[in-house]
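Undergrad: Submitted below is the structure of interest, expressed as structure tokens.
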Amino acid sequence: MPDAAATPPAVRPRVLSGIQPTADSYHLGNYLGAVRNWADLQSVQPDGTSYEPFFFIADQHAITVEQDPKVLRRRTLVAAAQLLAAGVDPERSAIFLQSHLPEHAQLGWVMQCLTSFGEARRMTQFKDKSAKGGEGSSSVGLFAYPMLMAADILLYRPAYVPVGEDQRQHLELTRDLAQRFNSRYKKTFRLPEPYILKETAKIYDLQEPTAKMSKSASSPNGLIDMLDDPTVSAKKIRSAVTDSEAEVRFDEVAKPGVSNLLRIFSALSGVSIEKLEADYAGKGYGVFKSDLADVVVDVVTPFRARTHELLDDRTELDGVLARGAERARAVASKTLADVYDRVGFVPPFTV
Ligand code: TYM
């Protein structure tokens, strides 16, 4: 970090991302595909860039499908605590809950009015999520979800949005909507770039290594929950599906299971995939998986302890969320005011 006193304050490009509080724990895909990168983006980057980061818990997105209110409230706080446990630092990042900023829903409405039905219908996540219960019984909120996500992003005019591969299509819609708004009214939004790291863009299910690791996986054994008992996670790694070759080699087509484990191992340990292949040459899968299980345990054990500590005494967490909302509001309210002016709303009267 450069000496703050010696560096003149500069306008820093922003980064922004969000995560839904729809499970009792983040899974390893959320952690490696998104949250861990958020923590990394807080430091000065190798090219000297320093970002201003905003990260939030997307509780309003969660209610696009039915939620038990008690469970949602608990999971929202668990999600926020996990951000801190993953190294997102409230001194450097604004950490907040989406529902604390009405500006998200307010800009979301404007975004809905810019989006055509056809465009919304093409969103693959809507197709996937509505397929289960049928489109007719899905909520309008689920259909409008990508427009709320566009609002989440555009309110902060970020340069980058760090996400996993499954969010790319939503980012494309966000850019289209930003461009449409800019050309219909006046240049207001910066077009955000997705920030998707190739190595961790898609972590796969341990039992079904051609499907994305996801909370809606068919078997719980395919998923590593960051807050699970570490011995359970170690066992899941040791019983991950591989192949009959017994050769630790990266080949996503022929060896999806081993390749997924190699990606996870490399991302968690910082050792390159090539070096791991060389280290485990001729050793078979047993040793490889057992060493990876140890690496996973080393990461999740302190993560879990820190999350519980933050939840046991909420003073720190509540303060972080209050200050984060304040920092976010300073930016979001200004953007919303610009938008309302540009679309032709009369500013509020004062008495
Ligand atoms: P969500 O809550 O489903 O997931 C949070 C983040 O985790 C990433 N991710 C994965 N990455 C790699 N491999 C996997 N198997 C994997 N599974 C999940 C996701 O890509 C995501 O980055 N719509 C968003 C939340 C959101 C948002 C936003 C994100 C709402 N508003 C604004 C960015 C900006 C979502 O449902 O993510």
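Undergrad: Taking Ser116, is it surrounded by 15 or more Cβ atoms within 10 Å (Cβ to Cβ) and hydroxyl-bearing (Ser, Thr, Tyr)?
TA: No: the conditions fail for Ser116.
Undergrad: Among the candidates Asp24, Asp47, Asp59, Asp89, single out the residue that is of a type outside the set (Gly, Ala, Ser) and loosely packed, with under 14 Cβ neighbours inside 10 Å. Lay out the reasoning, then the answer.
TA: Working: Asp24 fails: loosely packed, with under 14 Cβ neighbours inside 10 Å; Asp59 fails: loosely packed, with under 14 Cβ neighbours inside 10 Å; Asp89 fails: loosely packed, with under 14 Cβ neighbours inside 10 Å.
Of Asp24, Asp47, Asp59, Asp89, the one residue that is of a type outside the set (Gly, Ala, Ser) and loosely packed, with under 14 Cβ neighbours inside 10 Å is Asp47.
Undergrad: With the requirement that a residue be in a loop (DSSP other than H, G, I, E, B), away from the ligand (no atom under 14 Å from the Cβ) and surrounded by 13 or more Cβ atoms within 10 Å (Cβ to Cβ), what does region 192-228 give you? It would help to see each step written out before you state the result.
TA: Narrowing region 192-228 to residues in a loop (DSSP other than H, G, I, E, B): 192, 196-197, 201-203, 205-211, 213-219, 223-224, 226-228.
Among the residues that remain, those that are also away from the ligand (no atom under 14 Å from the Cβ) are: 218-219, 227-228.
Answer for region 192-228, where residues must be in a loop (DSSP other than H, G, I, E, B), away from the ligand (no atom under 14 Å from the Cβ) and surrounded by 13 or more Cβ atoms within 10 Å (Cβ to Cβ): Leu227, Asp228.
Undergrad: Are any of the residues in region 149-163 more than 14 Å from the ligand (Cβ to nearest atom), touching a residue at least 12 places away in the same chain (Cβ under 8 Å) and either under 21 Å from Trp109 (Cβ atoms) or over 20 Å from the mean Cα position of the chain (by Cα) (or both)?
TA: No, every residue in region 149-163 fails to be more than 14 Å from the ligand (Cβ to nearest atom), touching a residue at least 12 places away in the same chain (Cβ under 8 Å) and either under 21 Å from Trp109 (Cβ atoms) or over 20 Å from the mean Cα position of the chain (by Cα) (or both).
Undergrad: State whether one or more residues within region 304-320 are touching a strand residue (DSSP E or B) at 6+ places or on another chain (Cβ under 8 Å), in contact (Cβ under 8 Å) with a residue 12 or more places away in the chain and surrounded by 14 or more Cβ atoms within 10 Å (Cβ to Cβ).
TA: There is at least one residue in region 304-320 that is touching a strand residue (DSSP E or B) at 6+ places or on another chain (Cβ under 8 Å), in contact (Cβ under 8 Å) with a residue 12 or more places away in the chain and surrounded by 14 or more Cβ atoms within 10 Å (Cβ to Cβ).
Undergrad: Ser43: of a type in the set (Ser, Thr, Tyr), closer than 22 Å to Asp318 by Cβ, more than 10 Å from the ligand (Cβ to nearest atom) and at pLDDT 95 or above, yes or no?
TA: Considered against the rule, which asks whether it is of a type in the set (Ser, Thr, Tyr), closer than 22 Å to Asp318 by Cβ, more than 10 Å from the ligand (Cβ to nearest atom) and at pLDDT 95 or above, Ser43 comes out as no.
Undergrad: Sort through Leu173, Leu177 and tell me the only one that's within 12 Å of the ligand (Cβ to nearest atom), over 16 Å from the mean Cα position of the chain (by Cα) and not polar (S, T, N, Q).
TA: The match here is Leu173.
Undergrad: Further question on the same structure: Scan region 233-241 and tell me whether some residue there is under 27 Å from Trp38 (Cα atoms), of a type outside the set (Val, Ile, Thr), part of a loop (DSSP other than H, G, I, E, B) and touching a Ser or Thr at 6+ places or on another chain (Cβ under 9 Å).
TA: No, region 233-241 has no match at all.
Undergrad: Kindly indicate the residue of region 122-133 that is under 15 Å from Leu148 (Cα atoms) and not aromatic (Phe, Trp, Tyr) and also farthest from the chain's Cα centre (by Cα) among those meeting that condition.
TA: So, considering only residues that are under 15 Å from Leu148 (Cα atoms) and not aromatic (Phe, Trp, Tyr), the one farthest from the chain's Cα centre (by Cα) is Met123.
Undergrad: Considering only residues of region 6-39 that are more than 10 Å from the ligand (Cβ to nearest atom), touching a strand residue (DSSP E or B) at 6+ places or on another chain (Cβ under 9 Å) and farther than 21 Å from Asp152 by Cβ, which is modelled with the lowest pLDDT?
TA: Among those residues, the one meeting the criterion is Val11.
Undergrad: Another question about this same structure. If I filter region 49-57 for residues that are within 14 Å of the ligand (Cβ to nearest atom), of a type in the set (Ser, Thr, Tyr), at pLDDT 95 or above and more than 29 Å from Pro209 (Cα to Cα), do I get at least one hit?
TA: No, every residue in region 49-57 fails to be within 14 Å of the ligand (Cβ to nearest atom), of a type in the set (Ser, Thr, Tyr), at pLDDT 95 or above and more than 29 Å from Pro209 (Cα to Cα).
Undergrad: Within region 120-135, which residues are exposed (fewer than 15 other Cβ atoms within 10 Å of the Cβ) and either modelled with pLDDT of 95 or more or touching a helix residue (DSSP H, G or I) at 6+ places or on another chain (Cβ under 9 Å) (or both)? Full working, then the answer.
TA: Here is the first cut: in region 120-135, the residues exposed (fewer than 15 other Cβ atoms within 10 Å of the Cβ) are 121-122, 124, 127-128, 131-135.
Across region 120-135, the qualifying residues are Arg121, Arg122, Thr124, Lys127, Glu135.
The values are calculated or read from the model by the stated rules, or taken from the named source; none is laboratory data. Please read these numbers as outputs of a predicted model, since none were measured by experiment. In this analysis, Cβ positions are derived from the backbone assuming ideal geometry, glycine residues included, and neighbour counts consider all displayed protein chains.
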